[in-house]
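No lab work stands behind these numbers, since they all come straight from the coordinates. Quantities reported herein were computed from a predicted structural model and do not represent experimental measurements. Quick reminder, even Gly has a Cβ in these numbers, built from the backbone with ideal geometry, and neighbours come from all protein chains shown.
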């Protein structure tokens, strides 16, 4: 197996990461998961595809001489890295209570009561509902919330997934 | 050779699916009794790894020379670990994510007032659920009524996440620990 199959996706992922940090520091987009999909998946896919087409037609020099199937392998590794990062990203934005709890407990330990006092209903509820509204998964009509078609699709996907595993819906 | 490589890639790309099938089978044969469902997901990934490694070796890796085999091994391991991580993440979201639970509740009730939805989210109950899960995962332990970290794994992950938040330009998180700011 050609070692470029490892080097190209790692380099592409690193470049995407630099673009992501610059964009986030200059102006954080409102629909962040869509923006991440654009930076980590659509942008490299568009650049990669146009480069491959240009190289195959002799418009630009091919420095790598990779076969199509090796390019597919490189794409698979890049997609694995990109999806793993996009899946982890929401935890950076609204840090998971489980991780926050582990940090609060620290090495010195903490009483049950003290730990509970660090979390209030608003802190745990509002950032999540705002995120759902911003991501267009939920829409509001006055005070009433309902699902968008994207939200419905996501809900059915998770119901189907958990039914397949033989589980009830999550406890949150 | 090319055909085998294509099948090899297709098998690797489908790891989340094969892991879901493995977990569905294991959940129906006794794994359901485990306290930590996240652990059932990790066990499913680990159980799949051995037969999968044999299959991939037979299909492609075993046919390569020594140098190519090393690159192939690194590639296969990286994709396997990342795909397993993606699956674990999807499973964990279905299990614990409040966003997903909110979506399910809004969908089941065909629309819901924000105040009604908020009424279902009691921070004490959520924190109690998480303490139970952290104990079941071996990350936290209780001594004389106090909680202590038992393993550094999640602590290191949480510290790394806080560091990356700052690189991305987010302000420090808001949960307070005896007067100092922690996420």
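Distance between the C-alpha centers of the range B:44-102 and the range A:1-54? Whole Å please.
Between the Cα centre of the range B:44-102 and that of the range A:1-54, the gap is 22 Å.
Angle check, please: helix A:121-134 long axis (alpha carbons) against the longest principal axis of chain A (alpha carbons), in degrees 0 to 90, nearest 10.
40 degrees
What does the C-alpha gyration tensor say about the overall shape of the range B:115-182? Classify as rounded when a/c is under 1.5, otherwise prolate if a/b is larger than b/c, or oblate. Provide the component values of the computation, followed by the final result.
Values: a/c = 1.83, a/b = 1.07, b/c = 1.71.
Since a/c reaches 1.5 but b/c is at least a/b, the shape of the range B:115-182 is classed as oblate.
Please work out whether the range B:4-96 counts as rounded, prolate or oblate from its C-alpha gyration tensor, where a ≥ b ≥ c are the square roots of the eigenvalues and a/c under 1.5 means rounded, while otherwise a/b larger than b/c means prolate and anything else oblate? Write down the numbers at each step before the final one.
Values: a/c = 2.67, a/b = 2.21, b/c = 1.21.
It comes out prolate by the Cα gyration axes.
Order of B:102, A:1 from fewest to most other C-beta atoms within 10 Å?
A:1, B:102
Can you put B:132, A:143 in order of Cβ neighbours within 10 angstrom, beginning with the fewest?
So the ranking, lowest neighbour count to highest, is A:143, B:132.
Quick check on the exposure proxy: order A:57, B:89, B:120 from fewest to most C-beta atoms within 10 angstrom.
If I rank by nearby Cβ atoms, fewest first, I get A:57, B:120, B:89.
Roughly how tilted is helix B:98-108, in degrees to the nearest 10 and between 0 and 90, from the longest Cα axis of chain B?
80 degrees
Using helices alone, what [θ] at 222 nm do you get for the protein assembly as shown, with -39,500 (n - 2.57) per DSSP H run of 4 or more residues, divided over all residues and rounded to the nearest 500?
-22000 deg cm²/dmol
Taking chain B as the reference, fit the longest principal axis to its C-alpha atoms, fit the long axis of helix B:15-27 to the helix C-alpha atoms, and give the angle between the two in degrees, 0 to 90, nearest 10.
70 degrees
Classify the protein assembly as shown from the C-alpha gyration tensor, please: rounded if a/c falls under 1.5, else prolate or oblate depending on whether a/b exceeds b/c.
It comes out prolate by the Cα gyration axes.
Please build a GNM for chain B, connecting alpha carbons under 10 Å apart, and tell me which residue among B:169, B:14, B:111 fluctuates the most.
Top of the fluctuation ranking is B:169.
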